[in-house]
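The values are calculated or read from the model by the stated rules, or taken from the named source; none is laboratory data. Owing to the predicted nature of the structure, the values given are computational and were not obtained by experimental measurement. Heads up, the Cβs are rebuilt from the backbone with ideal geometry, glycines too, and the neighbour counts pull from every protein chain shown.
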Amino acid sequence: MKNQRGFTLLELLIAITLLAAITAILTAGFQLSLRSWEAGSDLMERHYDFTEGMGLIEGQLKSARAVNFVNEKNEKAVAFHGEVEKLLFVANTSRLKALPGADGFYLQRLSFDADKKMLLFSEAPFDPHTPVEKVEWTDIPMGEGAINKFKCEYLYHEGTGSDIKDVWREKSVDDKNRDVDVMPLAVRFSLTMEEHADPFVWPPLTVWIEPGSLIAPEVAR
């Protein structure tokens with residue numbers, strides 16, 4: 001029987017080195033896959049939460065009501081004010097929970113915080129005699145650190161007779177009277193979220209305000 005030759009020390013070192021290299025490559029690949037899975041899971045969860053939040057805001061805006069604020073001089077102004085990155089309106093249902101003293105109506109505010117890259121939804125009981133700057137809000141942040149751009153637009157009929165046409169404005173203020181806000185037919189939201197290297201542009205969301213909202217309830221008179 002021939003003598004069996006074992007591994008030399010050099011061969012053993014080479015084998016151990018190759019095994020360590022393969023193990024390191026497999027471990028790195030597993031960690032990369034795990035991080036990708038976690039990132040994908042977080043992204044899906046964030047999109048789901050944000051979609052759910054916007055869906056609830058959509059429901060609130062559909063039931064917006066043309067109620068009035070009343071100042072110290074007993075002058076009335078419709079409690080609806082829309083700008084490019086901010087929207088204020090009154091709904092007849094609560095987005096969060098029933099609040100004491102609301103009398104069935106709730107002041108709603110949606111605004112974009114460019115510094116924190118988020119939307120802020122705020123709610124408070126509606127009191128027609130309380131100025132907006134004195135309202136005590138309950139706030140809910142949405143998409144914090146992930147929203148790069150946010151824009152609101154407001155749909156109106158403009159013109160008379162056969163010349164009536166639909167026009168999207170960036171403000172709800174009446175062009176003929178800059179001190180008066182009027183209820184739009186619809187509101188359109190556009191936003192871009194920051195997703196790694198490539199921004200994610202959400203499809204525009206158009207919310208049509210229900211016709212019944214244009215009838216001011218007794219509390220506003």
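Where strands (runs of 3 or more DSSP E) fall wholly inside the range 101-163, the ranges with 3 or more residues that are without any contact (Cβ under 8 Å) to a residue 40 or more places away in the chain, within 24 Å of residue 209 (Cβ to Cβ) and touching a strand residue (DSSP E or B) at 6+ places or on another chain (Cβ under 9 Å) are 106-113, 118-125, 147-158. Take residue 66 and tell me if it is under 25 Å from residue 122 (Cα atoms), at pLDDT 65 or above and in contact with a helix residue (DSSP H, G or I) (Cβ under 7 Å, 6 or more places away or on another chain). Considered against the rule, which asks whether it is under 25 Å from residue 122 (Cα atoms), at pLDDT 65 or above and in contact with a helix residue (DSSP H, G or I) (Cβ under 7 Å, 6 or more places away or on another chain), residue 66 comes out as yes.
It is to be established whether one or more residues within the range 107-130 are surrounded by fewer than 17 Cβ atoms within 10 Å (Cβ to Cβ), more than 23 Å from residue 173 (Cβ to Cβ) and modelled with pLDDT under 80. Within the range 107-130 (the criterion being surrounded by fewer than 17 Cβ atoms within 10 Å (Cβ to Cβ), more than 23 Å from residue 173 (Cβ to Cβ) and modelled with pLDDT under 80), the answer is no, since none of the residues qualifies. Can we say residue 96 is assigned to a loop (DSSP other than H, G, I, E, B) and at pLDDT below 90? For residue 96, the condition - assigned to a loop (DSSP other than H, G, I, E, B) and at pLDDT below 90 - is met.
Just so you know, in the range 162-209 the residues that are under 19 Å from residue 81 (Cβ atoms), surrounded by 11 or more Cβ atoms within 10 Å (Cβ to Cβ) and among the charged types (D, E, K, R) include one that is modelled with the highest pLDDT, and it is 188.
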